[in-house]
Amino acid sequence: MSEHVRHLMLGLATIMLLSTVPVQADEEAPATQPGEPKADVLTEQQWVTHHTISIDGQEIAYTATAGLLPLKDEQEPPKAYVFYIAYTRDGVSDMHERPLTFCYNGGPGSSSVWLHLGAFGPRRVALPDQPLPPRPPFQLVDNEASLLDVTDIVFIDPVSTGYSRTVKGNDPGQFHGVTEDMRSVGEFIRMYLTRNNRWTSPKFLAGESYGTTRSAVLAGYLQDERGIFLNGIVLVSCVFNFLTLSTAEGNDLGCVLLLPSCTAAAWYHKRLPPELQADFQKTLDQAEDFAINEYLPALYRGDSLSPDVRAAVLAKLSRFTGLSEDCLDRRNLRLNKEEFVDQLLRDQRRVIGHYDARYVAVDLDPSGTQGGFDPSFKYIQGAYSAAMYSYLRSGLEVENDMPYLIFSDRIGHWNWEYEGRDYVNVGPTLQRAMTTNPHLHVFVANGYYDLVTPYFATEHTFNTLGLDLSLRGHVQMGYYEGGHMMYLHKPSLLKLKRDITGFIKTALTEESD
């Protein structure tokens, strides 16, 4: 699996100690000054501050609670601590009617910083209007697109990300896997609901990239094992069936599902013929039709294609991707994301982004391949890291000297085994969850310029989910002129806010069921 898919995939100024028994973390820690909390000590803690924000002209007062919550079995000592940041609106008369949304990113190995400071939290990283690297030093601004006006939000950092750590003597690997991660995040959700008396609140999940995989398995686990029934799930840049992302030899489906996103990227960079540059949506429709009705049958026939038919398919493939016929011929008609981002602007010695094809950078190796350099990640990585560290200290008053792991290098092996399959496909789990809880609604956000989780692959996943006709209307799709993190594009961020606000309201009305 490629690195990009893997990463696919975040008023009280004093510390409120809920437990005074220190527990040593699983890492060496730098020395601290007298009076400062030690980085190698984990305790159950909370840091609480109070704020206001204006959303859609409405002044909203809210409480931010950052904390470490223990994971343990019954009376056993904690095995790990999960760091979270919760935002709850003040002045709500009945918290049982107030929606509550649990958010996380993916990876596996990513903290929740991206959805937190990019999309849904009350503060966001300030980025240029165009897909360009921001100039340091970096800044946070109020997020007018925050979901805090319609739902309370809890951002979760799974074990080994953010400030979440295992206790010394416990193997972190027990939390690193599809099922293992499901259980630990599910246990955190159960404990949070219990500690904060939110069991009767409407409940939502919101995940990005691998976080969408986590959401699907959690939907089933929470219902079946914990009695927690959800009202809705928000899926940002979805992946359920990992075969739909692979273009490895022998998996022709991945090539077909990637094609329309390549067309979108080529359109953005003006690499298509003039007649295809005129109307974006019409061009995508044509690319999708070609992918299903001509490209897929051609790959199926392989070497048995007649020379004339092969030449015709090759010409159309070049026409819809902006790549040369020679390049595609050498690959035997098979599209590949890594080669596409490297080849589309090769004549300009430029590469484009994997996560967001709008981003462009100088090719570090114009004579070969770019070796994994992705400007759509590298350009924003520093801004999100600096903003998160600053916000934790100055905004949330969190006193913790441990490294905040934006992308964790401590995951190591990830156990991909799930329900006995040879590959991960969590679609059946969501299908069962929606069938046994017919009030569960799903919203799926897709970025046109996302080459990591292509929108056409997501459509295929839901087209083959096997939902009963009575439930298909409970799935809504949103499309955005951005990439994997479509919220980096401000118009898409604002549209995403409108779409999710409408989705939450729809999921809470009986008329929709």
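The values are calculated or read from the model by the stated rules, or taken from the named source; none is laboratory data. Since the structure is predicted, the reported quantities are computational estimates derived from the model, not experimental observations. Cβ coordinates were reconstructed from backbone atoms using ideal geometry, including for glycine residues, and neighbour counts include every protein chain displayed.
Strands (runs of 3 or more DSSP E) fully within region 93-178 that include at least 3 residues being over 19 Å from the mean Cα position of the chain (by Cα) and in the same structural domain as TYR81 (by TED's automatic domain parsing): 140-142.
Can you run down the residue pairs with Cβ atoms below 7 Å, 6 or more apart or on separate chains, where the first is in region 74-88 and farther than 11 Å from VAL159 by Cα and the partner is polar (S, T, N, Q)? Going by the 7 Å Cβ cut-off, the qualifying pairs are ALA86/THR65; THR88/THR63. Being assigned to a helix (DSSP H, G or I) and either in the same structural domain as THR263 (by TED's automatic domain parsing) or surrounded by 17 or more Cβ atoms within 10 Å (Cβ to Cβ) (or both), is that true of even one residue in region 432-454? Yes, region 432-454 contains a residue that is assigned to a helix (DSSP H, G or I) and either in the same structural domain as THR263 (by TED's automatic domain parsing) or surrounded by 17 or more Cβ atoms within 10 Å (Cβ to Cβ) (or both).
Every test in (1) under 20 Å from the mean Cα position of the chain (by Cα); (2) crowded, with 21+ Cβ neighbours inside 10 Å is passed by ALA264 save one, and that test is (1).
Of all residue pairs spaced 6 or more apart or on separate chains, those with beta-carbon atoms under 6 Å, a first member in region 318-347 that is farther than 16 Å from LEU257 by Cα and a second member that is of a type in the set (Ser, Thr, Tyr) and at pLDDT 95 or above are GLU325/SER318; LEU328/SER318.
Keeping to region 345-372, report how many residues are out of contact with any Lys or Arg (no Cβ under 9 Å at 6 or more places or on another chain) and either assigned by TED's automatic domain parsing to the domain that holds ALA64 or not in a loop (DSSP other than H, G, I, E, B) (or both). Looking only at that region, the number is 5.
Yes/no per residue for (1) of a type in the set (Gly, Ala, Ser); (2) surrounded by fewer than 17 Cβ atoms within 10 Å (Cβ to Cβ); (3) part of a strand (DSSP E or B); (4) in contact with a Leu (Cβ under 6 Å, 6 or more places away or on another chain):
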position	(1), (2), (3), (4)
PHE204	no, no, yes, no
GLU208	no, no, yes, yes
VAL217	no, no, no, no
THR247	no, no, no, no
VAL256	no, no, no, yes
PRO260	no, no, no, yes
THR283	no, no, no, yes
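Please find, within region 332-356, the residue that is surrounded by the most Cβ atoms within 10 Å (Cβ to Cβ) out of those that are more than 28 Å from the chain's Cα centre (by Cα) and within 28 Å of LYS378 (Cα to Cα). Checked region 332-356; the qualifying residue surrounded by the most Cβ atoms within 10 Å (Cβ to Cβ) is ARG346.
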